[in-house]
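Following: one structure in structure tokens, then a few remarks.
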Amino acid sequence: MHYAIIAAGEGSRLAQEGVAKPKPLVELSGEPMIMRLMNIFQRCNAESISVIINDFMPEVRQYLESISLDMPLNVVVKSTPSSMHSFWELSKVMKPGKFCLTTVDTIFREEDFARYVAAFEADDKHDGLWAVTPFIEDEKPLYVDVDRRMNIKAFCDQAFDGAKYVSGGVYAMTDKAFPVLNECIDKGISRMRNFQRALIEAGMKLKAFSIDKIIDVDHASDIEVAQNFINEK
């Protein structure tokens, strides 16, 4: 399995709230968020890790250049207008095959993530496995409509009757997604949620995998919440 991290955001809300470090280097239990993800990926049999960072936070680039991993680390330095554009830039350096993509501030328990990755590695029927959660704390959640077998039918901006899950910001898929991504870029489509809808429209078979709790670090107050969450027994 290959892995990719989107870490190209500005982190403006954290900065405005007094957090001096760039978001990828914010520590949870003494470990930078970006390194926590990469360590988890390594323990989940990573074949390669690709990361995109913006070009106005040199501390993050210096940090990535200072570390050593047991597999290839591809670092793309580029500021982009959206997470979907960041994914597109990453796709240019990623190897073919199955991969898992996440943003740097998506926080989950390692044991939950390991079960999720193992499920997709064993799945030969679906083109993608989306981590979804019934824990809704996102400011603008993307609701995921599924059937009884957890096959994804639609992605919705608004809650609907029977809505149970929202996207957790963790996406495992095959390289069949790349042509759809390229088409979205060519058409001027933006935002990851619109790319996800395009996958459904293209006929790709996506399934949802429920994880009880996934949180994002968007505000300074979220740092302590995230740290307590990952330390819970």
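Brief remarks on what is shown
- Matching residues, segment 116-140, being surrounded by fewer than 18 Cβ atoms within 10 Å (Cβ to Cβ) and in a loop (DSSP other than H, G, I, E, B): ALA122, ASP123, ASP124, LYS125, PRO134, PHE135, ILE136, GLU137, ASP138, GLU139, LYS140
- Residue in segment 195-204 that is within 19 Å of ASP124 (Cβ to Cβ) and either part of a helix (DSSP H, G or I) or not small (Gly, Ala, Ser) (or both) present: yes
- Residues of segment 89-115 satisfying the condition of being in a helix (DSSP H, G or I) and of a type in the set (A, V, I, L, M, F, W, C): LEU90, PHE113, ALA114
- Residue selected from segment 49-86 under the condition part of a strand (DSSP E or B) and not β-branched (Val, Ile, Thr), by the criterion least open to solvent (accessible area, probe 1.4 Å): SER50
- VAL180 in contact with a strand residue (DSSP E or B) (Cβ under 7 Å, 6 or more places away or on another chain), buried (at least 17 other Cβ atoms within 10 Å of the Cβ) and in contact (Cβ under 8 Å) with a residue 24 or more places away in the chain: no
The rows are residues; the columns are (1) under 25 Å from GLU232 (Cα atoms); (2) β-branched (Val, Ile, Thr); (3) out of contact with any Cys (no Cβ under 8 Å at 6 or more places or on another chain); (4) open to solvent by 20 Å² or more (accessible area, probe 1.4 Å).
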site	(1), (2), (3), (4)
HIS2	no, no, no, no
ALA15	no, no, yes, yes
LYS23	yes, no, yes, yes
GLU31	yes, no, yes, yes
MET38	yes, no, yes, no
ARG43	yes, no, yes, yes
ALA46	no, no, yes, no
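The values are calculated or read from the model by the stated rules, or taken from the named source; none is laboratory data. Note that the structure is a prediction, hence the values are computed from the model and not measured. Positions of Cβ are backbone-derived with ideal geometry, glycine not excepted, and every protein chain shown enters the neighbour counts. With ligands, DNA and RNA removed, areas are computed over all heavy atoms of the protein, side chains included. Shrake-Rupley method; radii C 1.70, N 1.55, O 1.52, S 1.80 Å.
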